[in-house]
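Asks: Can you read through this structure? Questions will come right after.
The values are calculated or read from the model by the stated rules, or taken from the named source; none is laboratory data. The model shown is predicted, which means the values in this text are computed figures rather than measured ones. Neighbour counts are summed over all protein chains in view; Cβ atoms, including those assigned to glycine, are modelled from backbone coordinates with ideal geometry. These area figures cover heavy atoms from the full protein model, side chains too; ligands, DNA and RNA do not enter into them. Shrake-Rupley method; radii C 1.70, N 1.55, O 1.52, S 1.80 Å.
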Amino acid sequence: MKSCSFYETMILNEETSDKLNEHLKNCIQCQQLQSLMRFETTEIKLPDAFIEDAVKEAFIKAEPIKRRHDFFSTIVFIAVAIILVSIIITSLMIQDQLLKYYFGGVSLFMPFTVPVFSIIRKKVVMK
Amino acid sequence: MDNEQLIELAKKQNKNALSILLTSHYEIVYGYMLKLTLNPEVAKDLTQEVMVKAIVHMNKFKGDSKFSTWLIAIGTNIYKNQLKKNKRMVITEDFSFLDAMTFQHTSTEDAYIKRDNMKTILKLLNEMKEQQKIPFLLKHYYGYSYEEIAVILKIPIGTVRSRIHNTIKKLQDSMKGGLYEIV
Ligand SMILES: [Zn+2]
């Protein structure tokens, strides 16, 4: 027996039309296929008390995981903040030092920048 | 209170609202896990994992899909991870637990036949790879569109289509000798 693929083609194209309904009336193969393929929302009934307990338990289990999560995101936040602040300070230091180098004046960051920038300055002067 | 209001509250860490949402969606998730694993015990454990994940990540739910779809997506990931951990998941040979399934818009007699058909299909699906099993389940048991399945599984829509097509072909081949001979 040659197998009919009408129903299959229709559902693969997500079409449900009068044409399909008409075809289903006359084609046993497609009827069989339809009854096999469609099981809309087949659900298992569970006792209410069971579900309530399970959900309660889930909240208890989730608590430490959530705390760990929160802790982790705090750590990440602090790390990102530290990196951002150091980038800002470094760029200020560079700017400050450049101004001082070219135009003279007093650097706010002298105590921190002298060791680093004296090396850079030496190199620049040597050129 | 409707689902949307509950979801809004749940996202603001309202434990009561989230609890109501999870309670009302528990059976959907459990039914899905049962169809995937064919093992009530494993299904229970995995459903519990879905609930825990949903509680921890509730603030990440964007609301662009239905809440049930979000849970199904979480469940799919948990199931896939479980498969990676132990490749051969034990299935119970006793399928009587499926008798508890109810069908919408179906008379008692039809339900009897449907249940038998479903057992056959689930058994056949269980012998297939998860890539073939999951899209078919989502389409034919949950009525998701190809587009929704593509989002849930994070694969192209064309892939969803061809996988479901292959699964149907395989099922048809398996049943060539008549449906009831396999059962
Ligand atoms: Zn036909």
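Asks: Mind listing just one residue for me: the one in the range A:5-31 that is open to solvent by less than 80 Å² (accessible area, probe 1.4 Å), more than 10 Å from the ligand (Cβ to nearest atom) and in a helix (DSSP H, G or I) and, of those, nearest to the other protein chains (Cβ to nearest Cβ)?
Replies: It comes out as A:L12.
Asks: Now, a different point. Report yes if B:A43 is over 14 Å from the mean Cα position of the chain (by Cα) and not assigned by TED's automatic domain parsing to the domain that holds B:A150, otherwise no.
Replies: no
Asks: Can you pull out every residue in the range B:136-166 that is in contact with a Phe, Trp or Tyr (Cβ under 8 Å, 6 or more places away or on another chain) and within 13 Å of chain A (Cβ to nearest Cβ)?
Replies: Residues satisfying the conditions are B:L137, B:L138, B:K139, B:H140, B:Y141, B:Y142, B:I157, B:V160, B:R161, B:R163, B:I164.
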